[in-house]
Amino acid sequence: MMFAPAPFLLKDASVSQVMTQVCMALIPGIAAYSWLVGPAILIQLTIASLTALLAEALMLYLRDKPLALFLSDGSAVVTAWLIALTFPPLAPWWLVTTGTVFAIVFAKHIYGGLGQNPFNPAMVAFAVCIVAFPAQMSQWPNIGLEQSLVDQLNIILGLAPRVDALSGATPLDAMKTALKLGDGQVDIAHLLANQDIYGNFAGRGWEWVATGYLLGGLWLWQRKLITWHAPFAFLAALISLSGALWLYQPATFASPLFHLLSGGAMLGAFFIVTDPVSGCTTPRGKLIFGAGVGLLAYIIRVFGGYPDGVAFAILLMNLSAPVIDLLTQPKIFGLKAAGKGERR
């Protein structure tokens, strides 16, 4: 007699299959990004991917690991794509290359390779580069400039001079700077109504990029590649804290919608906070981890020295993930807790 497998048994999924689907989920956001800034982001994705594969191959060779097996798992490409999507699209080629090499060599292989890294490699790359090269990491393109593929390629490769008119602040950075310079004399409603950079909600065009990441993240959840716990907790914490301060003082603090659709909130919620290696693995642990990232990201955004705090918030919570998992282990079915005077 033949029995069908029980419905609670999950279908086998290789690392390469999972990574391929993560890349597919990023495509809606990348498409919106390309429409917004032009082909520059595709150039950066290519540079980052090639650099990641070369760095991965070198480290595998030095560690005497099979190249074909690990190069084909797709993990290096996912890291490369996340780096390219968090760096300025017109950043010089060497900046993306430096960040990618640091992520693969020092944040991944130094700790033993895939599955052993305590920190998210892409966020390590972002944090290192924004501290070491703050000027280059703040050169975002002004929305609305029309440049050809050749012009953008020349800027990225350093074959054309970088023009100040091409670069501007992100909506998060622009708002933070304006409020700081205004010293309480400028309110957020005035900024949103009078500056085109903010668009309808959180940045001209950037709302569509965030929406693309949201759609891709929901697809990953529907495919059961991620669970709802960490993204929900991240977004709920971000909404709760930003909403409370916005209701308390709307002239000084931006609305929750602004914080959700600007910066790296949506990308972080569905593609970085959900990292099973550097994040938490227990259900309660994922909720605590996601909420911690959301709270820290908002605090750094509003009160810290950087316009977007998602990367630093994730790295700080990566430090706490092992302890959180240890304290949130579910009870083993059928095992009684030790009573008074009993040995465990």
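Read-outs throughout are calculated quantities, based only on the coordinates presented, and are distinct from any laboratory measurement. This structure is a prediction, so every number in the text was calculated from the model and none was measured. Don't worry about glycine lacking a Cβ; one is built from the backbone with ideal geometry, like all the others, and counts go over all protein chains shown.
In table form, for the structure just shown:
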read-out: Note, ³J(HN,Hα) from phi for the stretch 127-133, Karplus 6.51, -1.76, 1.60, rounded to Hz, x at Gly and Pro; value: 5, 4, 6, 6, 7, 7, 10
read-out: Extreme residue, positive dipole direction of the stretch 14-168, given options W140, L26, F70 (C-beta unit charges); value: F70
read-out: Net charge over other residues, Cβ less than 15 angstrom from the Cβ of L69 (K, R count +1; D, E count -1); value: -1
read-out: Entries of K286/K331; K65/K108; K108/K224 with Cα pairs more than 18 Å apart; value: K108/K224
read-out: Amide H contacts under 5 Å for W140, placed H, 5+ residues apart; value: G168
read-out: Per-residue Cβ neighbour rank within 10 angstrom, fewest leading, F289, F87, F119; value: F119, F87, F289
read-out: Sequence ranges 51-57, 217-223, 132-138, ranked by mean other-Cβ count within 10 angstrom, highest first; value: 51-57, 217-223, 132-138
